[in-house]
Amino acid sequence: MTPVSFPAPTLILWAATVRARSLTDRLIVGQTSGCTEQSVFPDHITNWLAKGQTLTQIREQARVGGVPITILDPLTRWLPNWRLPAYMNAEERAFQETDQNTFFEYAAGLQVKKMSVIDGIGARVDLSEIVLAFERMCDKARELGMLVQVEFMPFGSIPDLATAWEIVRRANRENGGLVFDTYHYFRGYPDPNLLAQLPGEKVFAVQASDAGTAIQGGSLYADQMHFRQEPGQGNFPLIEIIRTLRAIGGLRNVGAELFSDEADRLTPAVLGAQVGEALRQLLNAAEEEPA
């Protein structure tokens, strides 16, 4: 049987990779890496607005710079009985605190195509309630012409691919799907058989990163926030998983997502060159026939 051929994926500059940088520097990273779209965190938008920019100015600066903002990622305050943990520092609180009304205001002003929803706190929420909340997000996003992608995290209330897929399946919304993060997949509960059976059109985006065998920083949370590596630098079997995603048609939008202190220290041009090369090598290797 002749294998199905899919077009080359759109390359995404995920906000985590440039989390400490100005929009101008992000454009340099995007241009240098070959990314043609980018995501932003809502708290970054809040900071830029506080400095006097408008949503229109932010949107147009990114568009003119060749790396338009197409994803607002993530909305954290979407599940019932959401509470912000007292242990979080100011930076972590800012990442979590954007409310739904503000988030959708930003999404409308930026004219993004997609939004992500996550839970990294691990609140005890019944699956049926999560499904209902996801349905509501999809219905609200449809008014703006947006897709909604749910992300699983091993330390959250949506801990794995199976749970995330069950939410998407049961919600049964045309604009509802998954964002597949390789870090959370391999640090959590890998399920290659399930992934191979998923309808690829429901994998809206892929976040690719690598990591070492041992968890660094004393906890999984610290490891994922500070020590992620570029694809090919760590020990995750990324080529295998990218091949599976391509085979099911789920590799349409992909980029490196690096919560990395090491990446934060690089100049924009160097970071962009390294990220772009690592991503291209991963995608090229996945196209080759297994030995």
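The set of residues in the range 121-146 that are crowded, with 22+ Cβ neighbours inside 10 Å and not in a helix (DSSP H, G or I) contains only MET146. Taking the criterion of being under 21 Å from PRO190 (Cα atoms), within 19 Å of the chain's Cα centre (by Cα) and surrounded by fewer than 18 Cβ atoms within 10 Å (Cβ to Cβ), the only residue of the range 245-291 that qualifies is GLY249. Considering THR76, THR32, the condition of being over 19 Å from the mean Cα position of the chain (by Cα), surrounded by 16 or more Cβ atoms within 10 Å (Cβ to Cβ) and within 22 Å of VAL206 (Cα to Cα) is satisfied by THR32 alone.
Yes/no matrix, rows are residues, columns are (1) farther than 22 Å from VAL203 by Cα; (2) modelled with pLDDT of 95 or more; (3) part of a loop (DSSP other than H, G, I, E, B); (4) touching a Ser or Thr at 6+ places or on another chain (Cβ under 8 Å):
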site	(1), (2), (3), (4)
THR46	yes, yes, no, yes
PRO80	yes, no, yes, no
MET88	yes, no, yes, no
PHE103	yes, yes, no, no
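Here HIS184 passes the criteria (1) more than 27 Å from LEU258 (Cβ to Cβ); (2) buried (at least 22 other Cβ atoms within 10 Å of the Cβ) except the one numbered (1). Restricting the range 154-177 to residues that are touching a residue at least 60 places away in the same chain (Cβ under 8 Å) and of a type outside the set (Gly, Ala, Ser), the residue that is farthest from GLU230 (Cα to Cα) is PHE155. Only a single item in (1) at pLDDT 95 or above; (2) out of contact with any Ser or Thr (no Cβ under 7 Å at 6 or more places or on another chain) is not met by VAL275, and it is number (2).
On the basis of being assigned to a helix (DSSP H, G or I) and either of a type outside the set (Val, Ile, Thr) or at pLDDT 95 or above (or both), does ILE241 make the cut? Taking the combined requirement at face value, the residue satisfies it.
Per the listing ALA164, ALA171, the residue uniquely over 15 Å from LEU72 (Cα atoms) and more than 19 Å from the chain's Cα centre (by Cα) is ALA171.
The values are calculated or read from the model by the stated rules, or taken from the named source; none is laboratory data. Worth saying up front: this structure is predicted, and the values here are computed from it rather than measured. Neighbour counts run over all protein chains shown; Cβ positions are idealised from the backbone, glycine included.
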